[in-house]
Amino acid sequence: MKATIAELPKYVDKEVKLGAWIANKRSSGKIAFLQLRDGSGFVQGVIVKSDVEEEVFQTAKTVTQESSVYVTGTVQKDERSPFGYELLVTNVELIHTSTDYPITPKEHGTEFLMDNRHLWLRSKRQHAVMKVRNEIIRATYEFFNENGFVKVDPPILTGSAPEGTTELFATKYFDEDAYLSQSGQLYMEAAAMALGKVFSFGPTFRAEKSKTRRHLIEFWMIEPEMAFVEFEENLEVQEQYVSYVVQSVLKNCQLELKTLGRDISKLEKITAPFPRISYDDAITFLHEKGFDDIEWGDDFGSPHETAIAESFDKPVFITHYPTKIKPFYMQPHPEREDVVLCADLIAPEGYGEIIGGSERIHDMDLLYKRVEEHQLDPETYKWYLELREYGSVPHSGFGLGLERTVAWITGVEHVRETIPFPRLLNRLYP
Ligand code: 4AD
Ligand code: MG
């Protein structure tokens with residue numbers, strides 16, 4: 001019976017055949033242990049010399065790291081292994097011999113591992129991170145589909161710049177200038193006027209000269225947008241969504257979280273509602289904590305975000321930022337011109353901002369004024385402004401950065417390990 005490692009629990013005491021790679025190996029004169037991986041998981045294969053043909057034991061003893069094999073054996077329960085099962089091997093057939101695999105069980109530097117990212121992905125830790133990433137994506141689709149949202153795909157080649165013009169990747173679109181999308185939001189607003197509640201999931205690009213553990217040049221964003229939804233309701237959707245994702249990972253990725261050494265008790269606390277603190281109060285709080293470098297009107301840097309997040313064991317919304325440090329499309333506070341109806345969601349444990357969201361301006365005249373104030377070309381935004389001309393409604397939305405969310409949930413230090421092939425300031429390879 002052919003099986004995958006993930007299916008082995010169904011075949012206890014039965015004989016199965018697996019296609020696998022040799023992740024690692026240890027042997028003595030009488031017994032060999034093969035660490036097998038097949039993509040679906042990792043399992044230990046045990047080969048006892050006296051129980052198999054001489055040739056099979058020789059193959060097991062000499063097989064090199066990352067060689068591919070077919071392995072036949074009997075599935076056994078094994079309480080000592082994190083997986084809970086092992087394979088008592090009866091046969092090993094070599095498919096392909098791997099020579100001098102560069103990533104050995106010893107320690108390697110990060111740049112070396114990043115140069116070998118196409119191979120590094122095979123390692124147990126990276127495998128676990130990718131599985132958690134997949135679970136977050138799966139739970140995202142599930143959450144939004146169950147709550148009446150329609151998935152809409154905004155374009156990647158665009159003529160507009162929702163988040164400011166300084167971080168755009170310009171390209172030629174035949175004779176015109178175009179940009180790689182830095183956010184699908186403006187298109188999602190159009191989609192919300194057609195479909196009510198929508199969400200997108202796609203790549204976004206920021207030509208940011210930032211070299212921090214939170215910044216990628218190319219990252220994936222989930223952008224929901226909702227018609228007839230106002231500021232506070234938007235926050236409720238966000239806390240429900242983020243809790244749902246964390247609880248799904250806890251339920252479906254126990255082994256991966258264990259592999260990553262994640263402190264699960266911290267994730268178990270992530271349930272809605274989340275605390276809220278206004279920008280004004282956050283400034284006061286930071287002054288009390290001794291941050292003299294920040295004044296009302298400044299944007300927060302990561303030390304500020306981390307200090308605020310440390311007072312809570314759940315993600316925290318920082319609400320009502322100054323108008324002048326936020327994009328042109330945000331709805332002003334009804335009683336205050338100087339702040340907008342927006343919130344950033346800051347993850348615990350120093351992972352920083354994972355969501356940026358707001359209520360959008362739905363008044364045509366005000367939006368037109370803001371386009372001009374931000375020195376944007378009204379011609380380029382003509383279609384976006386028109387959304388306010390035909391049955392304009394209050395509406396809100398947000399963008400969740402997938403890689404920062406994966407970093408937080410897996411507990412990995414740097415976003416470069418949360419995406420298969422990271423695009424960084426100094427890296428377009430592999
Ligand atoms: O706060 P941002 O820039 O918001 C927007 O783009 C809105 N238009 C979203 C919306 O309302 N539809 O980005 C949203 C999130 C951030 O909170 C962060 O998680 C992530 O995207 N993000 C990045 N992740 C990795 N590398 C970068 N350079 C990122 N820039 C933003
Ligand atoms: Mg932001």
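The values are calculated or read from the model by the stated rules, or taken from the named source; none is laboratory data. What you are looking at is a predicted structure, and each value in this text was computed from that prediction instead of being measured. Methodologically, a virtual Cβ is constructed for each residue, glycine included, from the backbone with ideal geometry; neighbour enumeration extends over all protein chains shown.
I'm trying to understand the selection: among the residues of the range 381-399, which are closer than 17 Å to Ser183 by Cβ and away from ligand 1 (no atom under 16 Å from the Cβ)?
Of everything in the range 381-399, just one residue is closer than 17 Å to Ser183 by Cβ and away from ligand 1 (no atom under 16 Å from the Cβ), namely Trp383.
Evaluate the following for Tyr390: is it of a type in the set (Ser, Thr, Tyr), surrounded by 21 or more Cβ atoms within 10 Å (Cβ to Cβ) and either assigned by TED's automatic domain parsing to the domain that holds Ser278 or closer than 29 Å to Arg214 by Cα (or both)?
no
Check the range 339-352 and report whether any residue there is away from ligand 2 (no atom under 15 Å from the Cβ) and more than 30 Å from Leu267 (Cβ to Cβ).
Scanning the range 339-352, I find at least one residue that is away from ligand 2 (no atom under 15 Å from the Cβ) and more than 30 Å from Leu267 (Cβ to Cβ), so the answer is yes.
Among Ser160, Ser200, Ser181, which is surrounded by 14 or more Cβ atoms within 10 Å (Cβ to Cβ) and in contact with a Gly (Cβ under 6 Å, 6 or more places away or on another chain)?
The unique qualifying residue is Ser200.
Name every residue in the range 80-103 that is exposed (fewer than 12 other Cβ atoms within 10 Å of the Cβ) and at pLDDT below 95, in order of residue number.
Arg80, Pro82
What pairs can you find where one residue is in the range 150-164 and assigned to a strand (DSSP E or B), the other is within 16 Å of ligand 2 (Cβ to nearest atom), and their Cβ atoms are less than 8 Å apart, with a gap of 6+ or different chains?
Filtered contacts from the range 150-164: Leu157/Ser181; Thr158/Ser181.
Under 6 Å between Cβ atoms, which residue pairs at least 6 apart in sequence (or on different chains) link something in the range 90-103 that is assigned to a strand (DSSP E or B) with a partner that is among the small types (Gly, Ala, Ser)?
Thr90/Gly73; Val92/Ala60; Ile95/Ser68; His96/Ser68
Quick one: how many residues across the range 119-149 are assigned to a helix (DSSP H, G or I), within 19 Å of the chain's Cα centre (by Cα) and over 21 Å from Ser200 (Cβ atoms)?
Adding up the residues that qualify gives 10.
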